[in-house]
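Everything below concerns the one structure shown next.
The values are calculated or read from the model by the stated rules, or taken from the named source; none is laboratory data. Since the model is a prediction, treat every value here as computed from it, not as a measurement. Don't worry about glycine lacking a Cβ; one is built from the backbone with ideal geometry, like all the others, and counts go over all protein chains shown. Side chains included, ligands, DNA and RNA excluded: accessible areas come from the protein's heavy atoms. Shrake-Rupley method; radii C 1.70, N 1.55, O 1.52, S 1.80 Å.
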Amino acid sequence: MHGPALSGWLLMLLCGVTGAYCLLRARSGAQGERGAAHAEAVMGFGMAAMAVPAALFTPPDRMWAVYAVVFGGAAVRALVGVRHGGHHLHHLVGSLAMVYMAVAMAPGAGQGVHGGHTAHAGAAGGIPLLTGVLLAYYALYVLRSAGRLIPADTAAGGSGVRGGGGSGKEDLAWGARPELAMACRLTMGLAMFAMLLTL
């Protein structure tokens, strides 16, 4: 079947490109933005690794534990930063969702986890209620992020993006463009939603 393999390739590509762009943002951003960009890069590359199609690479049985440790550490870091606001709360939810998906990948937790590693459409590896809550969160996050990318004032001849942009936008380096940062967050939200659907 081409569906699961194709979706795994697409998720791997999108998340890998998003992670690479987040690293570019980390080089050109302010100190506070660098930490968020690094966290988003870890998330993007981790999601890309989880979405690798089985035809390309079959991970060892214990790979779920590596994901759980990496994203558990990211969750602790985000928890420490939650009191400072910003995207830390979203990073916390995302890191915990990745730990949850990693545990669902564990042998015996069920088959059918992630489009890239789906060999058989077996039983779900996740807890339906928790999966539903995470799906609802990411659906709302994606809708909110997409709404912020819609030009704010196209009727009046302006060309801004809600939540960022403005005059001089053409002079910004690729790593400092707020609309690209929002597009990356939207991409990762969509990828997370797609990955959660496979549980």
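Observations, loosely collected:
- Condition met for residue 25 (within 23 Å of residue 178 (Cα to Cα) and either out of contact with any helix residue (DSSP H, G or I) (no Cβ under 7 Å at 6 or more places or on another chain) or part of a helix (DSSP H, G or I) (or both)): yes
- Residue in region 34-50 that is hydrophobic (A, V, I, L, M, F, W, C), open to solvent by 60 Å² or more (accessible area, probe 1.4 Å), over 21 Å from residue 185 (Cβ atoms) and in contact with a helix residue (DSSP H, G or I) (Cβ under 6 Å, 6 or more places away or on another chain) present: no
- Any hit, region 147-162, residues being in contact with a helix residue (DSSP H, G or I) (Cβ under 9 Å, 6 or more places away or on another chain), of a type in the set (Gly, Ala, Ser) and either at pLDDT 85 or above or within 22 Å of residue 34 (Cα to Cα) (or both): no
- The set of residues in region 114-142 being modelled with pLDDT of 50 or more and open to solvent by less than 40 Å² (accessible area, probe 1.4 Å) consists of 125, 126, 131, 132, 134, 135, 138, 139, 141, 142.
- Residue in region 4-21 that is over 17 Å from residue 191 (Cβ atoms) and open to solvent by 40 Å² or more (accessible area, probe 1.4 Å) present: no
- Selection from region 59-92 of residues that are in a loop (DSSP other than H, G, I, E, B) and in contact (Cβ under 8 Å) with a residue 24 or more places away in the chain: 59, 61, 86, 87
- So residue 99, is it open to solvent by less than 50 Å² (accessible area, probe 1.4 Å), among the β-branched types (Val, Ile, Thr), closer than 27 Å to residue 35 by Cβ and modelled with pLDDT under 90: no
- Annotation note: Cβ proximity below 7 Å between a residue of region 37-54 that is touching a residue at least 60 places away in the same chain (Cβ under 8 Å) and farther than 12 Å from residue 70 by Cα and a residue that is of a type in the set (Phe, Trp, Tyr) and surrounded by fewer than 24 Cβ atoms within 10 Å (Cβ to Cβ) (sequence gap 6+ or interchain) occurs for 50/67; 53/9.
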